[in-house]
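Working notes, beginning with the structure itself.
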Amino acid sequence: MRYKDVFSIIGPSMVGPSSSHTAGAVRLGLTARAVFGGMPEEAEIVLYGSFAATGRGHGTDLAIVAGILGYEPDDERIRDAFRHAEDAGMRVSFRTAHRPNTHPNTATIILRRDGREDSVTGCSHGGGNIAITGVNRFEVKFSADYPTLLIFHEDRPAMIAEIAVILGRAGINIGYMEVDRVSRHGSALTVLELDQEPGPDEIGGIFSLDGVSRVCVIPLVRKT
Amino acid sequence: MRFSTLSELVRLCEREGVPIGKLMLAEQAREADEPEDAVFGRMHDYYQVMKEAVRRGIEEAPVSRSGLTGGDARRVSDYLEAGVPSLGPEAGKAMAYALAVSEVNASMGRIVATPTAGSCGIIPGVFVSCQERFGWTDERMVLGLFCAGAIGYVIANNSFISGAEGGCQAEVGSAVAMAAGALTELRGGTPEQAVHAVGLALKNSLGLICDPVAGLVEIPCIVRNGFGAVSALAAADMALAGVRSVIPSDEVIGVMLEVGSRMPEAYRETAGGGLARTPTGQKIARDIRMEQRNEV
């Protein structure tokens, strides 16, 4: 069943005009913000396909910026997101690009602050649903429909087992996982979609594992 | 969910002696592993968003972000007050309210996707106008939304609900069918009658293409929401009068899948055909692109 419940039919509550081009775009921005861990000084946004062609008319540009500001998809400040970004001291730039074999509603969001940079690529495929397809150099896939952990670590034996033990002891079930690495023994990214919210103990425990450099929590479970 | 077709849904309701709305509320609570009042509360919140969108669309007459549309709900509403509409005042109001919510959507206001943003006017148009007319409580309307959701759930999982996948029949067509079935139940029809209303309504929108001018959810989407609300009233009346969908509603949903699957890409929200490719449609698209370039 593609649609699992009544609220995937009646809902989400959202700011128009398009669930894919507006509500989904807000969620892409929110996900990028969660990966980055707060407000950037600068946001560079690349729009592909239909986002590039009709995105401005649908407010896709405003919606992504609103998400980076931390607004939910039904926040009426979305239409003034550029002004709010300026007030918050965030520089925003847009460009369009072409990339073969990408979903038509795709964007790459690059956030920068204090010499630090994160890049998040994802697509919006209707009804406010999204799929993240890349984080920095890693090709991963997650929906942000579940509490999600992004764990940046060295590629070494038993790493995933140790992470799973910490979560398992807390009674947290892993629904889906994916690992991508730059090279053997190089840096890797493990993405875990969880059935329960991880607490600070679990996140701290994973962060203190040997070889883990960073842990991000993506908390956007509800599509409002 | 314990059902995946409309006939299974009717059988379950008959066996348990409950209307579709109540059954769906219980099913949703089970699916989400939440108490019924939490699930009910979320839907109740959605209904308040719908009512507020109706109010704003009529009172504030918002203009779309592109500037192409806006104010039609107010125009129809003023016309209803000034004269005798051919539709009659009640159907006229459903039409005005549906236009209102769609215009709020196009102006980047808050709406509830029912089932999508492009078709967000139809269910509020029918529900809010009928609530005013018959004096129904919000609680009754919320159960009506669960009924509409149950119908939409079956359509979505057996066919489509987005214009990009199945054309406008999938988007506006699904919303009309959901509103028609729910209104039939709200007015005291049986689950079987409600499901006949779904089949009757869907048959009237089979083949409808998705051809938005400049790719925007405005032309013809907004007026199709207005028409859709009126169609839903008509389908509910036919079903309550005892008219049956001779081709069972589940089979009509199958036809929507067949027609949508064969629909050329030009007619599936790409702005590559239909109204979008008319000389005027193309000129509007060019003008909007120019404006955007000038803004940069």
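Counting Cβ atoms of other protein chains within 10 Å of each Cβ in B:100-113 and taking the mean gives 6.
In region A:79-224, taking the dipole from charged Cβ atoms about the Cα centre, the farthest positive-side position among A:Leu150, A:Asn173, A:Gly122 is held by A:Gly122. Structural size metrics of region A:148-218, computed from C-alpha coordinates, are Rg and Dmax of 11.1, 32 Å. Amide hydrogen proximity for B:Ala117: with H placed 1.01 Å from N in the peptide plane, the residues at 5 or more positions away or on another chain lying under 5 Å are A:Ser19. What fraction, in whole percent, of alpha-carbon pairs in region A:1-95 exceed 18 Å separation? In whole percent, the long-distance tail amounts to 43.
Restricting to Cα pairs below 8 Å that are 6+ residues apart, what does the relative contact order work out to for chain A? Please round to a whole percent. Kindly include the intermediate steps, with their values, before the conclusion.
Values: 479 pairs, mean separation 49.2, N = 224.
Averaging sequence separation for qualifying contacts and normalising by length gives 22 percent for chain A.
The convex hull built on the alpha-carbon positions of the protein assembly as shown has an orientation-averaged projected area of 25.2 nm². Counting only other chain Cβ atoms within 10 Å of each residue's Cβ, the peptide A:49-60 averages 5. Between the alpha-carbon centres of region B:27-98 and region A:156-224 there is a gap of 44 Å.
With just the Cα atoms defining each centre, how far is region B:138-177 from region A:62-129? Give it in Å. Region B:138-177 and region A:62-129 have Cα centres separated by 30 Å.
Computed on region A:6-136, with alpha-carbon pairs under 8 angstrom and 6+ residues apart, the relative contact order is 35 percent.
Show me B:32-42, A:120-130, B:145-155, B:263-273 ranked by packing, highest mean number of other Cβ atoms within 10 Å first.
B:145-155, A:120-130, B:263-273, B:32-42
Dipole magnitude for region B:6-295: about 780 debye, using +1 per Lys or Arg Cβ and -1 per Asp or Glu Cβ, origin at the Cα centre. Computed log10 I(q)/I(0) for chain B at 0.12 Å⁻¹: -0.73, from the Debye equation with unit scatterers placed on every C-alpha and solvent omitted. Counting every C-alpha pair in region A:104-165, the share spaced more than 19 angstrom apart comes to 46%.
Take the Cα radius of gyration of chain A and divide it by 2.2 N^0.38 Å, with N its residue count; two decimals is plenty. Walk me through the intermediate numbers first.
Numbers: Rg = 17.3 Å, N = 224, 2.2 N^0.38 = 17.2 Å.
Here the Cα radius of gyration is 1.01 times the empirical estimate.
Based on C-alpha pairs under 8 angstrom that are at least 6 apart in sequence, region B:54-164 has a relative contact order of 24 percent. For chain B, B:Cys13, B:Cys120, B:Cys130, B:Cys147, B:Cys221 have no disulfide-compatible partner, since no other Cys C-beta lies under 4.7 Å from theirs. Ordering B:Gly71, B:Phe40, B:Phe3 by Cα displacement along the dipole of region B:1-102 toward the positive end leaves B:Gly71 in first place; charges were set at the Cβ atoms of Lys, Arg (+1) and Asp, Glu (-1). Against chain B, whose longest principal axis is taken from its Cα atoms, helix B:72-82 shows a tilt of about 70°.
What number, rounded to the nearest 500 deg cm²/dmol, is the helix-based mean residue ellipticity at 222 nm of chain A, given -39500 (n - 2.57) per DSSP H run of at least four residues and division by all its residues?
Numbers: 6 runs with 54 residues, N = 224.
Roughly -7000 deg cm²/dmol at 222 nm, from the helical runs in chain A.
Its Cα centre serving as origin, the protein assembly as shown has a Cβ charge dipole (Lys and Arg +1, Asp and Glu -1) of approximately 1160 debye.
Helical content of chain B, expressed as a calculated mean residue ellipticity at 222 nm, amounts to -22000 deg cm²/dmol (DSSP H runs of 4 or more residues, -39,500 (n - 2.57) each, divided by residue number, nearest 500).
Only Cα sites of region B:11-102 enter the Debye sum here, all with the same form factor; the resulting log10 I(q)/I(0) across q = 0.18 1/Å is -0.83, listed in q order.
Count the lysine pairs in the protein assembly as shown whose Cα atoms sit under 22 Å apart, keeping only pairs 8 or more residues apart in sequence or on different chains. Kindly include the intermediate steps, with their values, before the conclusion.
Working: A:Lys4/A:Lys141; A:Lys4/A:Lys223; A:Lys4/B:Lys22; A:Lys141/A:Lys223; A:Lys223/B:Lys51; B:Lys22/B:Lys51; B:Lys51/B:Lys93.
Value for the protein assembly as shown: 7.
Taking the Cβ of A:Val191 as the centre, find all other residues whose Cβ is under 11 Å away and add up their charges (Lys, Arg: +1; Asp, Glu: -1). Net charge in that neighbourhood comes out at -3. Would any residue of region A:180-195 have its amide N under 20 Å from a label point 7 Å out along Cα→Cβ of A:Arg214? List them or say none. Those under the cut-off are A:180-193. Measure nothing fancy, just the Cα-based angle from helix B:36-59's long axis to the longest principal axis of chain B, in degrees from 0 to 90, nearest 10. That works out to roughly 30 degrees.
Bear in mind these aren't lab numbers, they're just calculated from the coordinates by the rules spelled out. Computed from a predicted structure; not experimentally measured. In this analysis, Cβ positions are derived from the backbone assuming ideal geometry, glycine residues included, and neighbour counts consider all displayed protein chains.
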